[in-house]
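The values are calculated or read from the model by the stated rules, or taken from the named source; none is laboratory data. These numbers were taken from a predicted model, which means no experiment stands behind them. Cβ sites come from the backbone with ideal geometry, for glycine too, and all protein chains shown count toward neighbours.
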Amino acid sequence: MAGTIATPSLQSPVPAVYCMFRPLELFIGTRYIRAKRRNHFISFISVVSMLGLIIGITALITVISVMNGFQAELRSRILGFVSQATITSVGESMSNWHQALAIAEQNPHVKGAAPYVESESWLVGNGANQGAMLRGILPGQEPKVTDIGSKMIAGKLSALTPDSWGIVLGRDLALALGVNVGDKVVVYAPPNGSSVTPIGVIPRFRRFTVVGIFEAGMQQYDSGLAIVNMHDAEKLYQLSGPSGIRLKLDDLFVANKVATTLANKLGAAYRVQGWMASHVNFFKALAMEKIVMFIILSLIVAVAAFNLVSSLVMLVTDKQSDIAILRTLGATPRSIMGVFMIQGMLIGIMGIVIGVVCGVALAINVPAIVDTIQNLTGYQFLPESVYYINNVPSKLSWDAVGWITGMAFVFSLLATIYPAWRASRTQPAEALRYE
């Protein structure tokens with residue numbers, strides 16, 4: 001092709017050397033994007049298609065990031081207070097727990113192990129009472145398996161010394177009982193066989209001093225967990241040893257494997273259970289919900305991408321005479337198809353890029369935006385009395401962004417195939433008959 005290329009849509013001649021460095025299809029496709037439409041409705045449909053992609057991709061990235069944040073936050077908070085694996089004995093207490101602890105610590109996947117006592121209790125404070133789970137720990141070993149020490153908002157976990165009868169309460173539990181650090185709380189233990197006498201059941205109780213308050217950020221623990229020294233708990237519940245041993249692993253997802261290995265080593269007198277056994281359904285439900293939301297929002301992106309079909313079909317109809325002239329100048333059907341595929345993909349790519357930028361920016365700032373809205377309106381999106389956590393977390397995954405971008409690109413590419421193929425089938429004589 002020499003000289004210049006002239007079409008009704010090109011307002012000025014283009015040097016041949018310019019087309020040498022820019023393929024003809026790419027040049028005409030980008031020129032059609034910039035050119036003013038004779039039919040403004042076509043421009044409107046193209047803008048709507050782009051906006052649909054932007055909104056769909058922004059929503060998809062944001063929702064997936066929030067769900068990733070919920071999953072990570074719940075896993076961190078739940079497993080911060082619930083052991084990743086536990087060793088218990090067939091009886092109420094584990095008398096030879098030192099041997100079981102040594103065997104557990106020999107496993108290469110076990111990063112830490114600590115004994116514990118756990119049982120139900122009834123707490124009475126300043127004119128109020130409430131049931132709670134009482135957990136006895138060894139403050140020196142507890143940091144090996146949980147991060148409760150970092151959740152203290154008053155007092156210190158190290159204040160739980162043997163025979164001091166100190167107690168650490170969850171924030172909401174302390175508020176419900178009307179107590180603070182330094183106040184007294186009476187703890188009633190459930191009766192057992194030794195509590196039954198000829199005159200009836202004698203309740204076992206002990207007065208504790210509040211030495212600390214923690215806030216886990218989860219209603220289940222903040223309002224229903226009290227912590228004491230393990231030796232004090234053994235005396236209160238009349239046990240000869242801890243209830244079991246809690247383990248922290250180097251990988252959450254090897255809990256079942258570690259449980260099986262330790263169960264074989266410890267024998268039938270012990271039971272080893274991983275966190276998945278008690279919480280697997282919860283996290284499976286979260287994962288399934290994320291998949292369902294991804295599919296639903298992907299359909300929104302698909303609908304927005306396939307809006308390109310209508311805009312390109314209308315554009316092809318509007319450019320019939322241009323297509324005919326290009327064909328008479330020697331353009332092949334393949335070139336014509338490439339022109340309109342490039343134009344549709346340019347619209348799609350612009351929508352995808354803007355959508356990804358908006359989605360990433362929104363996903364990163366979701367917590368701050370939600371906090372601002374809550375402060376302005378006074379409305380709490382996640383009431384503490386209903387949900388596990390009281391804030392809206394967000395965790396951006398670049399892998400998810402890549403998948404979303406690739407999916408939107410494929411949808412946009414598929415949407416351009418039919419209109420571009422229809423343009424390539426245009427017959428010059430038919431198109432120019434009434435010109």
Among the residues in the range 69-83, are any of a type in the set (A, V, I, L, M, F, W, C), in contact (Cβ under 8 Å) with a residue 12 or more places away in the chain, touching a Gly at 6+ places or on another chain (Cβ under 8 Å) and crowded, with 16+ Cβ neighbours inside 10 Å? no
Kindly establish whether residue 323 is among the aliphatic types (A, V, I, L, M), assigned by TED's automatic domain parsing to the domain that holds residue 416, touching a helix residue (DSSP H, G or I) at 6+ places or on another chain (Cβ under 7 Å) and within 20 Å of residue 412 (Cβ to Cβ). no
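A quick yes/no check of all residues on (1) modelled with pLDDT of 90 or more; (2) assigned to a helix (DSSP H, G or I); (3) aliphatic (A, V, I, L, M); (4) touching a Ser or Thr at 6+ places or on another chain (Cβ under 9 Å):
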| residue | (1), (2), (3), (4) |
| --- | --- |
| 122 | yes, no, no, no |
| 149 | no, yes, no, yes |
| 169 | yes, no, yes, no |
| 176 | yes, yes, yes, yes |
| 179 | yes, no, yes, no |
| 187 | yes, no, yes, yes |
I'm trying to understand the selection: among the residues of the range 90-105, which are assigned to a helix (DSSP H, G or I) and free of Cβ contacts under 8 Å to residues at least 12 places away in the same chain? 98, 99, 102, 105
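Please go through the range 163-186 and give me each residue that is on the phi > 0 side of the Ramachandran plot and either surrounded by fewer than 17 Cβ atoms within 10 Å (Cβ to Cβ) or not aromatic (Phe, Trp, Tyr) (or both), ordered by number.
Result: 163, 178, 182.
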Check off (1) modelled with pLDDT of 90 or more; (2) surrounded by 18 or more Cβ atoms within 10 Å (Cβ to Cβ) for residue 131 and give me the number that stays unchecked. (2)
Identify all residues within the range 62-114 that are closer than 19 Å to residue 365 by Cβ and either of a type in the set (Ser, Thr, Tyr) or modelled with pLDDT of 90 or more (or both); write none if there are none. 62, 65
Restricting attention to the range 325-344, report how many residues are in contact (Cβ under 8 Å) with a residue 40 or more places away in the chain and surrounded by fewer than 20 Cβ atoms within 10 Å (Cβ to Cβ). 7
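Being in a helix (DSSP H, G or I) and either surrounded by 15 or more Cβ atoms within 10 Å (Cβ to Cβ) or within 31 Å of the chain's Cα centre (by Cα) (or both): is that true of residue 153 here? Can you show your working first?
Working: in a helix (DSSP H, G or I): no; either surrounded by 15 or more Cβ atoms within 10 Å (Cβ to Cβ) or within 31 Å of the chain's Cα centre (by Cα) (or both): yes.
Here the answer is no, as residue 153 does not meet what is asked.
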Residue pairs within 8 Å by beta carbon, gap of at least six or interchain, first lying in the range 157-177 and under 12 Å from residue 230 (Cα atoms), second outside any helix (DSSP H, G or I) and of a type in the set (Gly, Ala, Ser), listed first then second, are 160/166; 160/212; 166/212; 167/226
Looking only at residues in the range 242-258 that are more than 21 Å from residue 138 (Cα to Cα) and β-branched (Val, Ile, Thr), which one is modelled with the lowest pLDDT? 254
Of the residues in the range 193-226, how many are within 26 Å of the chain's Cα centre (by Cα) and modelled with pLDDT under 85? 6
